[in-house]
Protein chains: 2
Amino acid sequence: MENLLDKKQSIIESALELVHANGFHGCPVSQVAKNAGVAAGTIYTYFENKEDLIVGIYDYVAEKITSYIAERDDDSLEFENRFFNYWRNFTEFYEQHPAIHGFYDQFLNSPFNSEKVQNRPNMWHEWAHMFFQSGMDEGAIRATNPVILSILVNTNITSTVRIKKNFKTKLAKTNVNLDEISQLIWAGIKTA
Amino acid sequence: MENLLDKKQSIIESALELVHANGFHGCPVSQVAKNAGVAAGTIYTYFENKEDLIVGIYDYVAEKITSYIAERDDDSLEFENRFFNYWRNFTEFYEQHPAIHGFYDQFLNSPFNSEKVQNRPNMWHEWAHMFFQSGMDEGAIRATNPVILSILVNTNITSTVRIKKNFKTKLAKTNVNLDEISQLIWAGIKTA
DNA sequence: CCATTATGATTGAACGTTCATTCAGTCAAT
DNA sequence: ATTGACTGAATGAACGTTCAATCATAATGG
């Protein structure tokens, strides 16, 4: 732990893992501190209070998602390809970071994700907004509110990853090709 | 409040509203009791502990959904019609019972919905399972694990209702016809 | 038909625990 | 010597849960 950023990050990652494992109930500040290797009081150097910490996880996570997806987007491709890349990369990211997927899944519909939080400028929302807007400008997808469009697409990605996670070992054969879901959604949003 | 069932129900409904309004954090037993018009101790006549109460809400809600949907299903129709009825009725139900929608949205991805809870016999899951199975038996939809199919369909219904709820007043015009989402999903699951 | 007893739901103050938060003192770096 | 991060025991509020006391109702007996 060389510097301040590392310490803040290790607090966030400790909290992230705890929320993923035990939900919002199961991440007392004392535990977050212990797993992060700092004292409880130290957390209050970096965050005003616990709610601020939870929102801090969200910002951290949103930033990670944005850079992962944005780096892998190639806007010289036609939008259809960009869409399927988006889907695949997002899925890949979630599967490589199950704690982030678990946190996001719980956070989005929780009261922590308040109107106030949603109304702050948000890198990830802006990027996704721009992404789908460019699909419309190109005439590849139907004119639609890009905010709603991204919610819809992301909901299905999150849900698909959750199903894969839960059913990986439980059901031997599902006969459903979950990857087809991206095609299903694409068929629904592309221009007729 | 004539009898015991009414009292249990009023406790559940009080808790349901509180979870919807404030999340799982914001529903202390003391408040649940106050809003239900009973003493805190009384709750423990009907539920072992708070977790049992939360699961009790889930069972209550699942029962309501099942009866609403099942009553309105007409299995003499061909499956495509039954599917769109299912979608419309579910949406209708959620919009008439926003607290149930809000609770479900939070409960499903929460640690309260543990493996143990999921593995209990569940009227609603069984009904949905049977519903989609009959669509397959009829040859109307592709062979698919009906459990996964219902998760996927229900996720999109829940999400659509959430979008309608959140964006009703915020955005004047969305240009997206959210009702088309049912057609989109149908196109994806029906036999080619 | 009333008086007495038994039953079991209901109450809400009290209890013990847990938690977020604070802060006086310590430590490390410059 | 100064600064500012860091510590972790202390604090007090909030919470889930308990239980002795109360109450309403039903059952019993004269």
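Quick notes
- Where helices (runs of 4 or more DSSP H) fall entirely within region B:29-104, those with at least 2 residues that are surrounded by 20 or more Cβ atoms within 10 Å (Cβ to Cβ) are at B:29-36, B:50-71, B:79-96.
- Enumeration of residues in region A:112-135 that are open to solvent by less than 30 Å² (accessible area, probe 1.4 Å) and in a helix (DSSP H, G or I): A:117, A:124, A:128, A:131, A:132, A:135
- Each residue in region A:10-28 was checked for being outside any helix (DSSP H, G or I), touching a residue at least 12 places away in the same chain (Cβ under 8 Å) and within 11 Å of DNA strand C (Cβ to nearest atom), and 2 pass.
- Condition check for residue B:7: more than 21 Å from residue B:123 (Cβ to Cβ), part of a helix (DSSP H, G or I) and at pLDDT below 95: yes
- Single condition residue A:141 does not satisfy, out of (1) in contact (Cβ under 8 Å) with a residue 24 or more places away in the chain; (2) open to solvent by less than 10 Å² (accessible area, probe 1.4 Å); (3) under 28 Å from residue B:103 (Cβ atoms): (3)
- Residue A:109 being buried (at least 19 other Cβ atoms within 10 Å of the Cβ) and assigned to a loop (DSSP other than H, G, I, E, B): yes
- Answer residue from region A:160-180, given it is hydrophobic (A, V, I, L, M, F, W, C) and at pLDDT 90 or above and is surrounded by the most Cβ atoms within 10 Å (Cβ to Cβ) among those: A:161
- Complete set of residues in region A:147-159 that are more than 8 Å from chain B (Cβ to nearest Cβ) and either out of contact with any Asp or Glu (no Cβ under 8 Å at 6 or more places or on another chain) or open to solvent by 40 Å² or more (accessible area, probe 1.4 Å) (or both): A:150, A:153, A:154, A:157
- Residues located in region B:84-122, provided they are hydrophobic (A, V, I, L, M, F, W, C) and either in contact (Cβ under 8 Å) with a residue 60 or more places away in the chain or within 14 Å of chain A (Cβ to nearest Cβ) (or both): B:84, B:87, B:90, B:99, B:100, B:103, B:107, B:108, B:112, B:117
The values are calculated or read from the model by the stated rules, or taken from the named source; none is laboratory data. Just so you know, these numbers come straight off a predicted model, no measurement behind them. Every residue, glycine among them, receives a Cβ derived from its backbone with ideal geometry; neighbour counts consider all protein chains shown. These accessible areas exclude ligands, DNA and RNA; they are computed on the full protein's heavy atoms, side chains included. Shrake-Rupley method; radii C 1.70, N 1.55, O 1.52, S 1.80 Å.
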